[in-house]
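A short write-up of the structure that comes next.
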Amino acid sequence: MFVLSGVCAAITGIVLGSRLGSSDPTIGVDYQVDAIAATVIGGTSMSGGEGKLQKTLIVGILSNILNLARVSAYFQDVAKGIIIFVAVIWDNSRRRKLV
């Protein structure tokens, strides 16, 4: 599993380096919020479960819309944080109704 994770990280580094024409060891720090947001919005519970791929595309679409609207990176992170917060609250309330 660690080898697969390392290979995926290497491929990601190569793709990002080719897109930007340069590299920096801190280049992917902001992608953590996107990954968490995509996972939570996709339906995967923070306590375990399964998600759906179609819903995870919402984060990419949201990022593109905010970039096209020229919203600053700070407010983009705030918007994604609000989405994560709402998705976690919604998931917890849905789980409580099932019990």
Residues with amide H under 5 Å from that of residue 43, placed H, sequence gap 5 or more: 52
J(HN,Hα) series, segment 13-20, from Karplus relation 6.51 cos²θ - 1.76 cosθ + 1.60, nearest Hz, glycine and proline x: x, 5, 5, 5, x, 6, 5, 8
The chain: angle of helix 53-68 to the longest principal axis, Cα-based, in degrees nearest 10: 60 degrees
Accessible surface of the chain, 1.4 Å probe, proportion on carbon and sulfur as whole %: 67 percent
Average accessible surface area per residue within the chain, 1.4 Å rolling probe, Å²: 79 Å²
Among 24, 77, 34, residue whose mean-square fluctuation peaks in a GNM of the chain (springs only between Cα atoms under 10 Å): 24
Residue among 41, 11, 27 with the largest mean-square fluctuation in a Gaussian network model of the chain, springs linking Cα atoms under 10 Å: 11
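The values are calculated or read from the model by the stated rules, or taken from the named source; none is laboratory data. As the structure is a prediction and not an experimental result, all values here were calculated from the model. Accessible surface is based on the protein model in full, side chains and every heavy atom, while ligands, DNA and RNA are left aside. Shrake-Rupley method; radii C 1.70, N 1.55, O 1.52, S 1.80 Å.
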